[in-house]
Amino acid sequence: MPDVDTRISREETEAAVAAHMAQYRQAREYVERHVLARATSVDGVRFTFQASLHDLTLKRGGYALLELGSRTWLGQVTDVRVETQIADNSGPSGGPDIRVSAAAGDGIVLDPVGVPFHGALAREATQDEVRTWASSERRRAGLIVGELRLAPGVPATLDSGGLARHTFMCGQSGSGKTYSLGVLLERVLAETSLRIVILDPNSDYVGLTDVREDADPDLARRYDRVRAEIAVWRDDPSADHPLRLQFGDLGSAAQAAVMGLHPVEDRDEYAVLADLLRNRKQGVPLVTGPDQLLTSELPGARQLGIRASNLGVLDWRIWSGGKFPSLIDEIRHPTARCTIVDTGSLDDPQQQRLISLAVLETLWGARAAHEPCLVVVDEAHNVCPAAPTDAVTRLSTDTTVTIAAEGRKYGLYLLVSTQQPHKVHENVVSQCDNLLLMRMNSSADLEDLGGLFSFVEPGLIAGATSFGMGEALVAGKVMPQPAYVRMGARLTREGGADIPMTWAIPRPVD
């Protein structure tokens, strides 16, 4: 019997391997394409799902309709990932088991009834299905701030009653935080009767009285009735409300802080100041402005005046000198429903900090009136920082922490906003039950927020890195089911402005 050459050429080997790999890829693609989107829940509250990676429509933060027989549930996807597993090669090519990749994720059943299910078909919910669910939610006055990001056309409606809990809003520069906060404040003014006090360090909200020419006519007409309820206090003697206060309006600790007095190290002068505060005539302080200290005949007052003069306090523009009404009188006995304190009109950070402290102290001091008030603290890392660096800021931080801890029972509701969440005092942030999170790329900040706002699924918080301008995660009492929101258009003019980029225009060629 002749010998048979059993050797296989290199070309034949490579061709066989290529054919095998092509067959493998074909089988894997077949299996992956035919992975049905299925969901399972052991408690009817949370669910997991698997779906094909090809034409995947279930997105983090989006909405899914879960169907099992005649039953349906609307769910929200909280996380999506890729998982690889062994699957039977049941495609047309046959062969051994293969490794396939599929989408897997987690979600929450909206309006759960506690009924477990297994193998429910999962698909992207339609706009009408989401709209039906959203409109069935029982809320108080609804604040339509935009639309659901992953269900375009469905209004994003906040429960106004949720603002009775403290709110934390954050987003990095360029995320649209200032614009979006303006949208929220407009809706609160138009749809509720809640009093608002705004600490405005960048003059961003002074335009809340100026309706834009391109504003929606129906919304503009509805908003028009509240414009007269807004008062802006700014550093301008010719303004309707000049930003001024009296030295005597301040509490004893604030006055001592302004004068740079320490109760132990400066005990003599501190005692003199305390005596001046105690010795009042019919409730009126003996000294209403620091400049009066220089001419006062009260023992030790002149020495205090010299100290104030050396510190430059006598030159501060915020003192009314008896010529202007005091902002503090307005805070105590408001004539306007919305008071905008334009600290951005002051060019001195020390005076800005003192105004903020005076407002917060006065609101806390008047707490016994139990008058509901939304206290908006913009750039909160300057008003209640994690590490205060001066006496006035320490006092404003302590006051804000106190309001955060105890203010709700008196009707004081905080809305603190910042670009730097890690720089805001933790005892303020931890008391907030609402979160408005805009684009944030810092993984450390997102991790911290995930720990402080544990009622929000970590996957939803992680999605903040993909937000565009004006997009936000809204969660808490204002939006019991966390949602990705695309904020709507402003009705009023946005105050403040970035520095023009005219310097970037190409220079003409000589």
Relative contact order, percent, of the stretch 400-510 when contacts are C-alpha pairs under 8 Å separated by at least 6 residues? 20 percent
What are the ³J(HN,Hα) values, in whole Hz, obtained from phi via the Karplus relation 6.51 cos²θ - 1.76 cosθ + 1.60 with θ = phi - 60°, for each residue of the stretch 164-179 in sequence order, with x given for Gly and Pro? 6, 10, 5, 10, 10, 10, 8, x, 6, 4, x, 7, x, 5, 4, 4
Taking the alpha-carbon centre of each part, the distance from the stretch 418-460 to the stretch 351-370 in Å is 26 Å
Summed residue charge, Cβ within 10 Å of Asp204's Cβ, Lys/Arg positive, Asp/Glu negative: -4
If I model a spin label as a point 7 Å beyond the Cα along the Cα-Cβ vector, how far apart are those points for Asp315 and Ser101 in nm? 6.6 nm
Net charge near Gln172 (other residues with Cβ under 12 Å of its Cβ; Lys, Arg +1; Asp, Glu -1) is +1
Cross-link candidates for Lys409: which lysines have Cα within less than 21 Å, leaving aside residues fewer than 8 places away along the same chain? Lys477
Sequence-distant residues sharing a close amide H with Ile144 (under 5 Å, placed H): Leu158
When ranked by the protection proxy of mean other Cβ atoms within 10 Å per residue, highest first, what sequence do the peptides 46-52, 150-156 form? 46-52, 150-156
Neighbour-count ranking [beta-carbon atoms within 10 angstrom, fewest first] of Leu158, Leu74, Leu374: Leu74, Leu374, Leu158
Where the centroid of each part is defined by its Cα atoms, how far is the stretch 160-176 from the stretch 396-415 in Å? 16 Å
Charge sum, other residues only, whose C-beta stays under 14 Å from Arg81's C-beta, Lys/Arg counted +1 and Asp/Glu -1: -2
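Here, each number is a calculation from the coordinates, and none is a lab measurement. Note that this is a predicted model, so its numbers are computed, not measured. Neighbour counts are summed over all protein chains in view; Cβ atoms, including those assigned to glycine, are modelled from backbone coordinates with ideal geometry.
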